[in-house]
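Read-outs: derived from the displayed coordinates by stated rules, not from any lab. Source: prediction; values computed, not measured.
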Amino acid sequence: MAQTARLAGTGIAPSRMANTRPATGSLFATDGRPHPLQEALMVVTGVLGVLAFVTAMFHNLHLISSWAGLIGILTGAYGQYISRTTWQRFGLIMGIGASAVGFYLGMAHGGLFGGVVT
């Protein structure tokens with residue numbers, strides 16, 4: 001069996017001392033630092049996702065649902081690109097999913113310019 005070198009008098013392997021962050025699988029795990037831009041993008045994506053999803057249920061609101069969905073998808077994609085924590089990624093994926101459903105249903109009901117541009 002492999003042995004690890006231990007520091008004299010501590011009984012702790014050096015590899016264990018380098019990782020001082022607790023190993024949790026929690027969804028709320030964070031790095032302890034504020035990330036205002038990432039959290040703002042998460043909130044905006046969530047709000048646009050809910051707006052797109054709810055308005056997609058009404059045929060006449062296809063302009064709102066398709067535009068809110070498109071902007072929510074793009075905002076969420078950029079948020080995913082710069083996200084730092086699991087919590088941010090989870091919120092962004094939920095918002096992107098709701099935005100995508102709203103966008104696709106809005107496109108099916110008339111699209112981004114349906115009835116406005118002839």
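State the extension gain, in nm to one decimal, for the chain segment bounded by T86 and L112, taking 0.36 nm per residue of separation less the distance between their alpha-carbons. Before the final figure, lay out the partial values.
Values: separation 26, 0.36 × 26 = 9.36 nm, distance 3.26 nm.
Extra length from T86 to L112 when fully extended: 6.1 nm.
Express in nm, to one decimal, how much length is gained between R33 and V101 on full extension, taking 0.36 nm for each residue of separation and deducting their alpha carbon distance.
21.2 nm
With N denoting the number of residues in region 28-95, provide Rg(C-alpha) divided by 2.2 N^0.38 Å, to two decimal places.
Normalised Cα radius of gyration, region 28-95: 1.19.
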